[in-house]
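Comments concern the structure below.
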Amino acid sequence: MIKLRYIIALLLSIIIVASCDNRHLETEEQEAIMQDGEFEGLGEGRSGMIKLAIEVRNHIITAIRIISQSESKFAQPAEQQIIDAVLQKQTVEGIDAISGATLTSRGMLTAIGMAIDASKGVWKEEAEYTDTTCDIVVIGAGGAGMAAAIQAASMGANVIVLEKQGIIGGNTNYATGGLNAAETSVQKSQGIQDSKKSHFDDTMVGGYRLNDSSLVATLVEKAPDAVDWLISFGADMSNVGKLAGSSQKRTHRPEGGAAVGPHIMAVLSRAVQEKNITVRTRNKVTSLISDNGKVTGVNVETANGQYRIEAKAVIIATGGFGANLTMVENYRPQFKGFNTSNHNGATGDAFKWVSSLNVPLVDIDQIQIHPTGEKGSHILITEAVRGNGAILVNRQGVRFANEMLTRDKLSDAILGQTGKSVFIVFDQSVRESLAAIENYSQQGLMVTANTTTQLAQALGIPEGAFVETMDKYGKWQASGIDGEFGRKGEEMPRPLNQPPYYAIEVEPVLHHTMGGIKINSNAEVVDSNGKAIEGLYAAGEVTGGVHGGNRLGGNAVADIIVYGRIAGTSAAESVLK
Ligand code: FAD
Ligand code: SIN
C-alpha cells in the first residue's frame, strides 16, 4: 500500500517536473517523495539534543538509527515506540508524544521530521550542483536565514538557502532562555505590564548606549509581531520569564520553560518545507559575486566541486564568530583559553566577503562572555535558572554578587573569585519551574543533596558559611529586599528552601559576538558612507549595532526573527518590483 502511494507520487512528480522550468524542478520533486539514502535530523529531548539518521530505500523509511543522545534509559521504550510508529506510518504527522516521556518523544519526532525533510530534498546534502540562477540567495540556515527565506518566499520570490553544515539551525538550535518582546499578545493574556519603551531603554542601557538606536527602535517595535508570526506557524511562546537586564517579564519560550531555539527551528523548518523553499546543506559560500559595487550572486563550494549562483539579491545570515578562537583572541586577547558555547560553524566567514565593498564592521571587538557555562565544557547553563531563582556561591560558601547583573559584570565578578569558577545553587522548586534543567540532570551535571549541609559537603565548601548563606538568602527573599547585593524583589521569585538542593560548577564562556556587518533598519548592508550596497542584505548575529557593548539575554532571538523578516521583505521588494 505504502509502496503504491510512493510510486504514484513518483509518477506525478515526473509529470509535474517535465512541465516546469529548471528553477522549479527541485521544488516540485521535493514535494513528492523521499529520496533514497541516509539522512540526519536533530531534536531537543528531555536531556539535550537527540541526533539520529533515517535510512530510506525505494522511497520508504526502512530504519531509524539514533546517533547520539543523553536521554535516560527509562526513555528507551518510548523512543522505540516512536520509531515503530514512524516506520509504520512513514511520517511524523499525527503521531502523538508518548505520555510519561513527552519531551523525549517530541525530540525524537522533531529529529525524524527533520531527517524526512532532508530526504525529500528540503535540504540537500552533497548533491552535484551546476551554475544556476534565482531571485534571492540566503546564506546560512539558522533562525535569521530561515525567517528571511520564509518572508521572501511568501512575497513570491524564488529563494535558495545555502548552509555549510550538514544540518540546519546553527547557534539557533542551542538557544534556551527565550525571545524578548514587549507588549506582546502573550504578555497581555497573562496580565504582564510592559512597554516597548522599557524594552528599548533596557537594551540601550545594557549595551552601554553603543547600540545603533535606530536599529534598536526597529527591534523593539517589531518584536511583538515576531512573536505572533512564530505563533502563526505553530510556535508555543506561552512561558514568559525575566532575564538579567530586563525590567519586566518579557522573555518568551515554550510551555514549562523548555528551550526556545530547537522549537523555533522545528517551526521554521516546517514552514520552509510548506513553502517549497530549497535549502542546500553542505553548500559553503566562499565569496560574493559583484559587479561595479552591486552584488549579483555567490560562489559555492561543495564536496563535489564548486559552482555559482547568479541572484538578484543576497542575504547574509551566517551568524557570529564565537567558535573562531583565533578571531576572538585577535580582538580580545584576554579571552584566550575560554571555552565557547557556540556551534562549530560560527566562524565569521562573511566578514572577508564584504571588505572589498567598503562595508565597515561595527563594534567587531564587542564579544560577550556568558557567566554560567558548565566548568570545562561547552554546555551553557541558561540564565533562566537564575531568572527563576538560583543564586551563585563561591568556594568560601558565600554569595559575591547580584546574580541578575548583566553578563559582562557578573562574568567579571566570577573571574574575581578563587579558581575563577563558582557554583550555581538552586532547589527543587526552581527545578520544577524550568524544563531546561532536566537536560542538566540527565547529562549528569548536577550535584544533589537533601540538606544544605550535605550540599556544602559534596561541593567541598565550608558548611557553616554555606548554610548561613542559604538562610540569609531566604530572609532577603521573604522581605523582598536583598540587603547584601540589591537583587530586586521580583528577581528573587523563590526562597530556595525545598529539598533536594542542587549545584553545578560554572565559569564564564565565550557566547555572543555583538559586532559585525553594518546594516540600516531595512537590513540593507551599508558602506562606510552610509550608502546601501545594491543587492546585499544581512540579518542576525553576523550584523553589528543592535546589541552595542553587551547583549541582553533573549534579545538575539528577537533580533534574528525581526531582522530576518525585514531582510526577506526588503530583498523581495527590490527583486520583485
Ligand atoms: P545561526 O543560528 O548561528 O545560523 C547561521 C548559519 O549560517 C549556521 O548554520 C552556519 O553554519 C551557517 N554558515 C556560516 N557560514 C556559512 C557559509 N560560509 N556558507 C553557508 N552557511 C554558513 N539568544 C537569545 O536571544 N536567547 C537565548 O535563549 C539564547 N540562547 C543561546 C544559547 C546558546 C548555547 C548559544 C550559543 C546562543 C544563544 N543565544 C540566545 C544567541 C542566539 O542563539 C544566536 O545569536 C542566534 O541564534 C544566531 O542566529 P543566526 O541565524 O544569526 O545564526
Ligand atoms: C541563556 O539562556 O542564558 C542564553 C540566553 C541568551 O543568550 O540570550
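What the table shows:
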| quantity | calculated |
| --- | --- |
| Condition check for G261: at pLDDT 95 or above, surrounded by 22 or more Cβ atoms within 10 Å (Cβ to Cβ) and either within 11 Å of ligand 1 (Cβ to nearest atom) or assigned to a helix (DSSP H, G or I) (or both) | no |
| Residues of region 543-567 classified as in contact with a Ser or Thr (Cβ under 8 Å, 6 or more places away or on another chain) and away from ligand 2 (no atom under 16 Å from the Cβ), total | 1 |
| Residues that are away from ligand 2 (no atom under 16 Å from the Cβ) and either over 28 Å from A572 (Cα atoms) or assigned to a loop (DSSP other than H, G, I, E, B) (or both), drawn from region 152-172 | M155, G156, A157, N158, E163, K164, Q165, G166, I167, I168 |
| Test: residue in region 83-95 that is crowded, with 23+ Cβ neighbours inside 10 Å, not acidic (D, E) and not in a strand (DSSP E or B) | no |
| From V422, V393, residue being in contact (Cβ under 8 Å) with a residue 24 or more places away in the chain, closer than 23 Å to S246 by Cβ and crowded, with 21+ Cβ neighbours inside 10 Å | V422 |
| Every pair of residues 6+ apart whose Cβ atoms lie under 8 Å, when the first sits in region 316-329 and is within 14 Å of Y563 (Cβ to Cβ) while the second is at pLDDT below 95 and of a type in the set (G, A, S) | G319/G170; G319/G345 |
| Residue within region 134-152 that is out of contact with any helix residue (DSSP H, G or I) (no Cβ under 9 Å at 6 or more places or on another chain) and away from ligand 1 (no atom under 16 Å from the Cβ) present | no |
| Given (1) modelled with pLDDT of 95 or more; (2) within 20 Å of the chain's Cα centre (by Cα); (3) in a loop (DSSP other than H, G, I, E, B), index of the condition A226 fails | (3) |
| Of all residues making up region 96-123, the number that are in a helix (DSSP H, G or I), more than 20 Å from the chain's Cα centre (by Cα) and over 19 Å from I437 (Cα atoms) | 2 |
| Residue list for region 204-217, filter: touching a Ser or Thr at 6+ places or on another chain (Cβ under 9 Å) and either within 16 Å of ligand 1 (Cβ to nearest atom) or outside the structural domain of A539 (by TED's automatic domain parsing) (or both) | G206, N211, L215, V216 |
| Test for G140: is it within 22 Å of K222 (Cβ to Cβ), away from ligand 2 (no atom under 16 Å from the Cβ), in contact (Cβ under 8 Å) with a residue 60 or more places away in the chain and buried (at least 21 other Cβ atoms within 10 Å of the Cβ) | yes |
| Residue, farthest from G397 (Cα to Cα), within region 448-501, restricted to residues that are polar (S, T, N, Q), surrounded by fewer than 16 Cβ atoms within 10 Å (Cβ to Cβ) and out of contact with any Pro (no Cβ under 8 Å at 6 or more places or on another chain) | S479 |
| Answer from S411, S433 - the residue that is in contact (Cβ under 8 Å) with a residue 12 or more places away in the chain, more than 14 Å from ligand 2 (Cβ to nearest atom) and among the small types (G, A, S) | S433 |
| Where T347 falls short, out of the listed (1) outside any helix (DSSP H, G or I); (2) crowded, with 21+ Cβ neighbours inside 10 Å | (2) |
| Test: residue in region 396-417 that is within 13 Å of ligand 1 (Cβ to nearest atom) and assigned by TED's automatic domain parsing to the domain that holds D482 | yes |
| Tally of residues being polar (S, T, N, Q), under 17 Å from W229 (Cα atoms) and more than 9 Å from ligand 2 (Cβ to nearest atom) across region 173-187 | 3 |
| Residue check for L325: surrounded by fewer than 20 Cβ atoms within 10 Å (Cβ to Cβ), of a type in the set (A, V, I, L, M, F, W, C) and out of contact with any Pro (no Cβ under 8 Å at 6 or more places or on another chain) | yes |
| Number of positions in region 47-82 that are charged (D, E, K, R) and surrounded by 15 or more Cβ atoms within 10 Å (Cβ to Cβ) | 4 |
| Answer from G169, G191 - the residue that is buried (at least 21 other Cβ atoms within 10 Å of the Cβ) and either closer than 21 Å to F321 by Cα or free of Cβ contacts under 8 Å to residues at least 40 places away in the same chain (or both) | G169 |
| Any hit, region 341-353, residues being more than 29 Å from L434 (Cβ to Cβ), away from ligand 2 (no atom under 16 Å from the Cβ) and either touching an Asp or Glu at 6+ places or on another chain (Cβ under 6 Å) or among the aliphatic types (A, V, I, L, M) (or both) | yes |
| Residue match in region 196-203 (condition: of a type outside the set (S, T, Y), assigned by TED's automatic domain parsing to the domain that holds T569 and part of a loop (DSSP other than H, G, I, E, B)) | no |
| Any hit, region 521-537, residues being away from ligand 2 (no atom under 16 Å from the Cβ), of a type in the set (G, A, S) and buried (at least 24 other Cβ atoms within 10 Å of the Cβ) | yes |
| Tabulated pairs, region 437-459, first outside any loop (DSSP other than H, G, I, E, B), second buried (at least 19 other Cβ atoms within 10 Å of the Cβ) and of a type in the set (S, T, N, Q), C-beta under 8 angstrom, 6+ apart or interchain | E438/S47; N439/S47; S441/S47; Q442/S47 |
| Filtered residue count, region 335-360, keeping only those that are closer than 21 Å to K284 by Cβ, more than 11 Å from ligand 1 (Cβ to nearest atom) and of a type in the set (A, V, I, L, M, F, W, C) | 3 |
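So that you can scan it fast, the table gives a plain yes or no per residue for (1) within 16 Å of ligand 1 (Cβ to nearest atom); (2) acidic (D, E):
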| site | (1), (2) |
| --- | --- |
| E463 | no, yes |
| T469 | no, no |
| K472 | no, no |
| G489 | no, no |
| I504 | yes, no |
| V509 | yes, no |
| T513 | yes, no |
| V525 | yes, no |
| G545 | yes, no |
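The values are calculated or read from the model by the stated rules, or taken from the named source; none is laboratory data. These figures come from a predicted structure and were not determined experimentally. Note: ideal-geometry Cβ built from the backbone for every residue, glycine included; neighbour counts use all protein chains shown.
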